[in-house]
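Trainee: The structure follows.
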Amino acid sequence: MKLASIDVGLKRIGVAICLDDSIVLPQNAILRKNRNQAAKDIQTFLQEWQIEKLIIGLPKGGSSEEEMERRIKHFVSLLALEIPVAYQDEQGSSFEAKELTMGDFKHKRDGRLDSVAAKIILERYLGQ
């Protein structure tokens, strides 16, 4: 089954894919100008890769958990998906991504770190 995961942020959306149930690859992040543009870009990405299930990172714990969950679920509703969706705890994925990539590339705001976080989210999902 072809899977994709997203790490939804206010400025960037990290994206990763798994086409063979084992190897997870980060993809270019989607830079978010507005909700509608980002939703359209994700829909296009999912169609191009013929993704069969989308895994979405959802923060668990923390003071803003409920607000972030509401925002993420609202954004997902804009996608109008025809494929199954699953939510995966993303707590600490951005920190873990930063630790994993220390020295590999400069931590710019280009979305690479967000996509590594999406990769971690998808690997967690597959490990369940």
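Each value in this text was obtained by applying a stated rule to the coordinates, not by laboratory testing. As the structure is a computational prediction, the values presented were derived from the model and not from experiment. Cβ atoms come from the backbone with ideal geometry, glycine included; neighbour counts cover every protein chain shown.
Trainee: Holding the Cα-Cα limit at 24 Å, pick out from LYS53/LYS98; LYS33/LYS60; LYS73/LYS119 the pairs that are longer than that.
Mentor: Too far apart for the 24 Å limit: LYS53/LYS98; LYS33/LYS60.
Trainee: Using θ = phi - 60° and the Karplus form 6.51 cos²θ - 1.76 cosθ + 1.60, what ³J(HN,Hα) does each residue of region 30-45 get, whole Hz, x for Gly and Pro?
Mentor: 9, 7, 9, 8, 7, 4, 5, 4, 5, 4, 5, 4, 5, 4, 4, 4
Trainee: Rounded, prolate or oblate: which one fits the chain, using the alpha carbon gyration tensor with axes a ≥ b ≥ c (rounded when a/c is under 1.5, else prolate when a/b beats b/c, else oblate)?
Mentor: rounded
Trainee: Arranged from highest to lowest average of other beta-carbon atoms within 10 Å per residue, in what order do the peptides 111-121, 73-83, 25-35 appear?
Mentor: 111-121, 25-35, 73-83
Trainee: Related question: Calculate the FRET efficiency for LYS33 and GLU82 from the Cβ-Cβ distance with a Förster distance of 35 Å, rounded to the nearest 0.05.
Mentor: 0.90
Trainee: Which residues in region 63-93 place their backbone N less than 20 Å from a point set 7 Å from the Cα of GLU52 along the Cα-to-Cβ direction?
Mentor: 81-88
Trainee: Which of rounded, prolate, oblate describes region 1-72, given a ≥ b ≥ c as roots of the alpha-carbon gyration tensor eigenvalues and a/c under 1.5 marking rounded, otherwise prolate only if a/b is larger than b/c?
Mentor: It is oblate, given that a/c is not under 1.5 and a/b is not larger than b/c.
Trainee: Which FRET efficiency value, to the nearest 0.05, do you get for LYS60 and ILE23 by plugging their Cβ-Cβ distance into 1/(1 + (r/R0)^6) with R0 = 30 Å?
Mentor: The pair LYS60/ILE23 has a calculated efficiency of 0.70.
Trainee: Below 8 Å between Cα atoms, with a sequence gap of 6+, how large is the relative contact order for region 3-126 in percent?
Mentor: Here the relative contact order equals 38 percent.
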